[in-house]
Amino acid sequence: MKLVRDIMARDITSVTEEDTLEKVAWLLTGYRFGGVPVVDAEGKVKGFISEKDIIKSHYPFMGESGGYFVIRSFAEVSKKLDKQELHRVREFMTSPAISVSEEDTVVETINIMLEKGLRILPVTRDGILIGVVGRTEICKEIFRTESD
Amino acid sequence: MYQIFIVFFYFSKENGKIIVEYNNIPAEREERPLILTVTLNPSIDHFVQSDNFTYGRLNRVKNLERQPGGKGVNIAFMLGVMGMETLATGFLGKAAGRFFQERLHKHKVTTNFVYIEDVTRHNYLLVDNIKNQRTLLDEEGPDIEHDEMKYFLETYRRLLPRCSAVVLAGSLPKKVPSGIYNDLIKMAEEHKLLTVLNTVEDNIAPCLNSGINIIMPDLRSSDKIMGIPVRNPENRNQVACSLLGKGGIMGIITFDSVNYLISTAHGCLEAKPAGVKMKNTLKTGDALIAGMIFEYLKSGSCIESVRTGVAASIASASHMNGFFKSYDEVKRHLDSVEIREVSS
């Protein structure tokens, strides 16, 4: 049975909770995935921040209720739009991050991705980031297996 | 904070001579060593084969191969092939990112590059097998902006604690100060890591008083180190010894393509391949370093590191693109390495 370590992308591009959203946005323009893991000084995964989180940080007043934009809290909007460039990752990241171990199976990973609607998962060894696995890796594996 | 060293003295017999070895290996080494390679100026290497190449005329390309390159990247590849856990960092143009990632991941090398606005350079090796000529076109490299350098330093600092060794190799891109390697070595020293430097003399000079452990000047564009020509064997010994500053374990001088003079704390060794036909010496220096680190982290023996390094060099030279395919291939050449003690 294939394990995550057999198919993962061995890339550990990541940010810390103290990094700015501006840095994340800049980073993602050169990166092949739509989000990056958030790690601490030891490389332990603390969360995940995606393009969606960045867009939401800029348009916090845009809700997703039946196609209408709903302003949920004016105070919140005002706070979030203030000094946009200084906002830190920790304010917008998803934490704790859903991650998989390198020892997990590909089938388990597919299940998590589909169940939680996630496109990319950090891969860890003893909690430390060692790679990522995205839908691209899964698709490649599906077709590689079928053609074998 | 005191640095703790495990000190080994032991004897090995080489060509009938007894060689005393001394090694100081940082005690706090992880069981599963992780090597960080730093390539600040990687390149996309194009191997262009065009026989009977003539300047000023239309020439047909017979064969073309593209590889991610740059000294640190090459060393990372080779360490990955030998089964060593390796992490590659440095600067990459955004367009080159995926190309490098996919090739490096294939050899189980983990990547954490900083993606820059400017483009990764391209180098061309023009091979003419009829005229038996090789021409290398080496591009200077991209501009590195202040924020990009800042982000690289943050990344480097974050990666150090989990590593056992750091390899700093290759040229510097534009706008990067020549003292950068010295700064990176000092940061690695704080974590008591094995440090290896392989670059041109201009970048080595500022590092000679730092605690660099293994140092090998890139002599492809100059045969002088500190103003002293190294073609003369007497000068060579003197220069190799002067490369050993505080913390120095090995200083390496390349001569006649794949012959090496290695100065250690207890004398000089000359190492060369015996009776092996070399197809290509393009990446033999990178292979030497990869082989040496691989063995040094395993056994801590200078002499065995040199032997594995030269065997890796021979394995590299037997491939047109300079990349050997497995550690077994390196092992097959161990008996073809001649090592002798030379008076320093």
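One table, with the values for the structure above:
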item	result
Any hit, segment B:124-136, residues being open to solvent by less than 50 Å² (accessible area, probe 1.4 Å), more than 14 Å from chain A (Cβ to nearest Cβ), of a type outside the set (Val, Ile, Thr) and free of Cβ contacts under 8 Å to residues at least 40 places away in the same chain	no
Criterion: over 21 Å from B:Ile35 (Cβ atoms) and within 17 Å of the chain's Cα centre (by Cα) - qualifying residue of B:Val276, B:Val306, B:Val310, B:Val200	B:Val200
Flag for B:Ile185 being part of a helix (DSSP H, G or I), away from chain A (no Cβ under 14 Å) and either surrounded by 21 or more Cβ atoms within 10 Å (Cβ to Cβ) or touching a residue at least 60 places away in the same chain (Cβ under 8 Å) (or both)	yes
Selection count where residues are modelled with pLDDT of 95 or more and not in a helix (DSSP H, G or I), scope segment B:297-323	0
Residue match in segment B:285-297 (condition: in contact with a Leu (Cβ under 9 Å, 6 or more places away or on another chain) and open to solvent by 20 Å² or more (accessible area, probe 1.4 Å))	no
Which listed residue, of A:Val15, A:Val4, A:Val39, is facing chain B (nearest Cβ under 10 Å), farther than 21 Å from B:Gly97 by Cα and either touching a strand residue (DSSP E or B) at 6+ places or on another chain (Cβ under 6 Å) or of a type outside the set (Ser, Thr, Tyr) (or both)	A:Val39
The one condition in (1) in contact with a Leu (Cβ under 9 Å, 6 or more places away or on another chain); (2) within 21 Å of B:Gly300 (Cβ to Cβ); (3) surrounded by fewer than 16 Cβ atoms within 10 Å (Cβ to Cβ) that B:Ala271 fails to fulfil	(3)
Only listed residue being among the β-branched types (Val, Ile, Thr), more than 9 Å from chain A (Cβ to nearest Cβ) and open to solvent by 10 Å² or more (accessible area, probe 1.4 Å), chosen from B:Val81, B:Val73	B:Val81
Of the criteria (1) open to solvent by 40 Å² or more (accessible area, probe 1.4 Å); (2) modelled with pLDDT under 85, which one A:Ile54 fails	(1)
Pair list, Cβ under 9 Å, 6 or more apart: segment B:324-344 residue in a helix (DSSP H, G or I), other residue open to solvent by 80 Å² or more (accessible area, probe 1.4 Å)	B:Ser336/B:Gly275
Scan of segment B:109-123 for residues that are more than 10 Å from chain A (Cβ to nearest Cβ) and touching a helix residue (DSSP H, G or I) at 6+ places or on another chain (Cβ under 9 Å), ordered by number	B:Asp118, B:Val119, B:Thr120
Of the criteria (1) over 25 Å from B:Gly72 (Cβ atoms); (2) open to solvent by 20 Å² or more (accessible area, probe 1.4 Å), which one B:Arg307 fails	(1)
Segment A:10-28: number of residues that are surrounded by fewer than 22 Cβ atoms within 10 Å (Cβ to Cβ) and under 22 Å from B:Phe77 (Cα atoms)	0
In segment B:152-180, residue nearest to B:Phe91 (Cα to Cα) [restricted to those that are within 14 Å of chain A (Cβ to nearest Cβ) and touching a helix residue (DSSP H, G or I) at 6+ places or on another chain (Cβ under 7 Å)]	B:Tyr156
Segment A:109-137: number of residues that are farther than 14 Å from A:Arg10 by Cα and touching a residue at least 60 places away in the same chain (Cβ under 8 Å)	3
Qualifying positions in segment B:85-108 - in contact with a Ser or Thr (Cβ under 6 Å, 6 or more places away or on another chain), at the interface with chain A (Cβ under 9 Å from one of its Cβ atoms) and either on the phi > 0 side of the Ramachandran plot or open to solvent by 10 Å² or more (accessible area, probe 1.4 Å) (or both)	none
Residues of segment B:188-217 classified as in a loop (DSSP other than H, G, I, E, B) and either closer than 21 Å to B:Phe91 by Cα or touching a Cys at 6+ places or on another chain (Cβ under 7 Å) (or both), total	2
Candidate set from segment A:6-40 (those that are at pLDDT below 85 and more than 17 Å from A:Ile55 (Cβ to Cβ)); member that is farthest from the chain's Cα centre (by Cα)	A:Gly30
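The values are calculated or read from the model by the stated rules, or taken from the named source; none is laboratory data. Just so it is clear, the structure is predicted and the values come from calculations on it, not from any experiment. Cβ: placed from backbone, ideal geometry, glycine included. Neighbour counts: every protein chain shown. Each accessible area value is taken on the protein alone, full model and side chains, heavy atoms only, with ligands, DNA and RNA left out. Shrake-Rupley method; radii C 1.70, N 1.55, O 1.52, S 1.80 Å.
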